[in-house]
Ligand SMILES: Nc1ncnc2c1ncn2[C@@H]1O[C@H](COP(=O)(O)OP(=O)(O)OP(=O)(O)O)[C@@H](O)[C@H]1O
Ligand SMILES: [Mg+2]
């Protein structure tokens, strides 16, 4: 169980998170959505202990206060940042092995279990053919999968991922989401995740938290949170929402032309039939 209570973060002399609270049960999956600059990454960085904060973060009832020992924190929370800088000459396998550091003693070398876990994760993320390749020679999406593999190799009970599918093609996005879902069912992995694709949020997460200006705007099952009016209000986007087999499907559509919108609202203005056709020119005189 991951619990975040009244989390506040100040950055650059400005408060960017204003008392955010959320709870994700063991094996649960919470998607954090919201427009650019809403504070999503800051929330995840605070949970990963990478930014000073007020309020509390607890995993399994244990408080992870700022300054908690790195290994102890890494055994509780694995974090995939929005942007990663990869050491270009390190191989995929050696990089994923770094995720095992929290399980080593201070002077301990890697064990055969570390190698086994690493190889299994590399395989599951479809990276086996690239295992010996230097990170500098990977595509953007392959590199992103290597970062995910490193986090999964950590075997922490909580996985925090900041837009992990941004560089992935549709097939690899599904692979990563399905793998995450399998892990939470098999091992009780608890997932906190930010994503701009509201369809992925709706289809994989148990609950969606919409963050706006550093505050929780709305929080609950996707069916409750994702409404055309909510998406319009907080994202300034026009969408239609249809029922899918695994949750609501959010379809971006072109906004109605202003004139049609006026007509639909019953206000004064030309209706669609009165609008100029492509080959027709009208004079305003
Ligand atoms: N180091 C910093 N110093 C000052 N302000 C910062 C810093 N990092 C982030 N911010 C500001 O904090 C706010 C929240 O940023 P954050 O990265 O959490 O947004 P986000 O919701 O993840 O956005 P995006 O969807 O673009 O990734 C933004 O206004 C951002 O400009
Ligand atoms: Mg972000």
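Per-structure values
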read-out: Most to least packed among 126-132, 29-35, 48-54, 250-256 [average Cβ atoms within 10 Å]; value: 29-35, 48-54, 126-132, 250-256
read-out: Measure of compaction for the range 2-254 (Cα Rg per 2.2 N^0.38 Å); value: 1.01
read-out: Tilt relative to the chain, helix 170-187 - C-alpha long axis, 0 to 90 degrees, to 10; value: 50 degrees
read-out: Packing-based exposure ordering (other Cβ within 10 Å, fewest first) of 155, 110, 178; value: 178, 110, 155
read-out: Rounded FRET efficiency, nearest 0.05, which uses the C-beta distance separating residue 69 from residue 15 and R0 of 35 Å; value: 0.80
read-out: Relative contact order for the range 15-138, counting Cα pairs under 8 Å that sit 6 or more residues apart, in percent; value: 21 percent
read-out: Taking 182, 142 and counting other C-beta atoms within 10 Å, the order from fewest to most; value: 182, 142
read-out: Considering only the chain, percent of DSSP beta bridges that pair antiparallel, nearest 5; value: 60 percent
read-out: The chain: relative contact order as a whole-number percent, Cα under 8 Å and 6+ apart; value: 22 percent
read-out: FRET efficiency, 1/(1 + (r/R0)^6) with R0 30 Å, evaluated for residue 213 and residue 253 via beta carbons; value: 0.70
read-out: Residues 235, 101 arranged by fewest to most Cβ contacts within 10 Å; value: 101, 235
read-out: Sequence ranges 212-222, 4-14, 78-88, ranked by mean other-Cβ count within 10 angstrom, highest first; value: 212-222, 78-88, 4-14
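Read the figures in this text as sums done on the coordinates, not as results from a lab. Keep in mind the model is a prediction, meaning the values are calculated, not measured. Positions of Cβ are generated from backbone atoms using ideal geometry, with glycine treated the same way; all protein chains shown enter the neighbour counts.
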